[in-house]
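A.B. asks: This is the structure, below, for whatever I ask next.
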Amino acid sequence: MNRIEIRTVSEFDLNGNIQDQLQRLLCECFGGEYPVNRIYFKQKPHLRFLAYKEDRLVGQIACDYRVMNLNGKPINVLSLIDVCVSSKMRSKGIGSHLLKKTDEFCHDRDIDYIVLFADDPDLYERNGFQRVQNRCKWLKINDKNQTTYGIGHEVINELMVKAVGEKGWEEGELDLMGYLG
């Protein structure tokens with residue numbers, strides 16, 4: 001397999017070519033659930049890790065840097081969104097390579113945890129994430145018309161975390177202080 005190049009790109013720096021490639025990749029990976037007229041689901045991320053093979057986009061992770069509240073204490077979180085790899089390139093280590101780059105990015109930065117929501121936890125567990133059972137609170141967003149419609153409050157079974165520093169994760173209440181990423 002030829003070398004995979006990972007590029008870190010701010011959302012502000014995405015040009016039309018990258019946006020077109022992202023749109024195709026996201027629609028391929030998430031099917032009819034993904035909006036066809038934008039490259040984000042509910043909110044624009046802050047940055048992305050983009051995986052390229054021979055200048056062709058084959059995978060991506062979108063990231064939000066935000067504060068959440070865990071049991072009454074603020075925590076700094078890099079929230080991972082829309083982790084995906086092109087169907088033709090799966091099972092070649094690209095997802096793990098993207099997660100490793102994300103992890104490296106977090107070290108020596110003011111980030112306590114990496115957080116994501118995963119339907120299929122296998123890739124993430126192999127890369128050091130753990131499932132947790134916190135009661136979550138978040139802003140509900142209708143992704144179709146991009147409006148808010150309330151506050152959600154329940155245990156989300158797909159919640160996974162990875163500590164970046166020495167802090168250990170706590171069970172209890174997690175206020176996302178924003179949307180469910």
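The values are calculated or read from the model by the stated rules, or taken from the named source; none is laboratory data. These figures come from a predicted structure and were not determined experimentally. Note that we place each Cβ from the backbone using ideal geometry, even for glycine, and neighbour counts take in every protein chain shown. All accessible areas refer to the heavy atoms of the entire protein, side chains included, with ligands and DNA or RNA removed. Shrake-Rupley method; radii C 1.70, N 1.55, O 1.52, S 1.80 Å.
A.B. asks: Apply the Karplus curve 6.51 cos²θ - 1.76 cosθ + 1.60, θ = phi - 60°, to the phi angles in the stretch 47-55 and return the couplings in whole Hz, x for Gly and Pro.
C.D. replies: Result, rounded to whole Hz: 8, 9, 9, 10, 9, 10, 10, 6, 6.
A.B. asks: Here's a follow-up. Which value in deg cm²/dmol, rounded to the nearest 500, describes the helix-derived mean residue ellipticity at 222 nm for the chain, given -39,500 (n - 2.57) per DSSP H run of n ≥ 4 and division by the residue count?
C.D. replies: -5500 deg cm²/dmol
A.B. asks: Ok, one more. What's the extension gain from residue 17 to residue 30 if we count 0.36 nm per residue and subtract their Cα-Cα distance?
C.D. replies: 2.7 nm
A.B. asks: Residues of the stretch 56-181: accessible area per residue at 1.4 Å, in Å²? Provide the component values of the computation, followed by the final result.
C.D. replies: On the way: 6340 Å² over 126 residues.
In whole numbers, the stretch 56-181 has 50 Å² accessible per residue.
A.B. asks: Share of the stretch 85-151's accessible area from carbon and sulfur, percent, 1.4 Å? Before the final figure, lay out each step's value.
C.D. replies: On the way: 1660 of 3970 Å².
Its accessible area is 42 percent carbon and sulfur atoms.
A.B. asks: For a quick check: with amide H placed at 1.01 Å from N, whose amide H comes under 5 Å from residue 179's, ignoring anything fewer than 5 positions away on the same chain?
C.D. replies: Correct list: 139.
A.B. asks: What ³J(HN,Hα) values, in whole Hz, does the Karplus curve 6.51 cos²θ - 1.76 cosθ + 1.60 give for the stretch 169-181 when θ = phi - 60°, with x put for Gly and Pro?
C.D. replies: Listing the rounded values in order: 6, 10, 6, x, 9, 10, 9, 5, 6, x, 7, 7, x Hz.
A.B. asks: Moving on. GNM, the chain, Cα, under 10 Å: largest mean-square fluctuation among 120, 143, 110?
C.D. replies: 120
A.B. asks: Name the residues whose placed amide hydrogens come within less than 5 Å of the amide hydrogen of residue 47, ignoring near sequence neighbours (fewer than 5 apart) on the same chain.
C.D. replies: When sequence neighbours closer than 5 places are left aside, the close amide H contacts are 11, 63.
A.B. asks: Using only Cα atoms and rounding to the nearest 10 degrees, what angle (0 to 90) does helix 16-30 make with the longest principal axis of the chain?
C.D. replies: Approximately 70 degrees, to the nearest ten.
A.B. asks: From Cα pairs below 8 angstrom and at least 6 apart in sequence, can you work out the relative contact order of the chain, rounded to a whole percent?
C.D. replies: Dividing the mean separation by the residue count of the chain yields 21 percent.
A.B. asks: Compute the long axis of helix 94-106 from its Cα atoms, compare it with the longest principal axis of the Cα atoms of the chain, and write down the angle in degrees, 0 to 90, nearest 10.
C.D. replies: 50 degrees
A.B. asks: Cα-Cα over 22 Å: which of 73/144; 44/92; 73/167? Intermediate results must be reported in sequence, preceding the final value.
C.D. replies: Numbers: 73/144 33 Å; 44/92 28 Å; 73/167 12 Å.
Correct reply: 73/144; 44/92.
A.B. asks: What is the distance, in nm, between label points placed 7 Å from the Cα along the Cα-to-Cβ direction at residue 144 and at residue 131?
C.D. replies: 3.1 nm
A.B. asks: Of the trypsin sites (Lys or Arg not before Pro) in the stretch 103-141, which ones lie in a loop per DSSP and count no more than 16 other C-beta atoms within 10 Å? Write out the running numbers ahead of the final one.
C.D. replies: Numbers: sites: 109, 126, 131, 135, 137, 140; in loops: 109.
Here the sparse-neighbourhood loop sites are 109.
A.B. asks: Under the Cβ-under-4.7 Å rule, which cysteines of the chain stay unpaired?
C.D. replies: If one checks each Cβ against the other cysteines of the chain, 27, 63, 106, 136 turn up with nothing under 4.7 Å.
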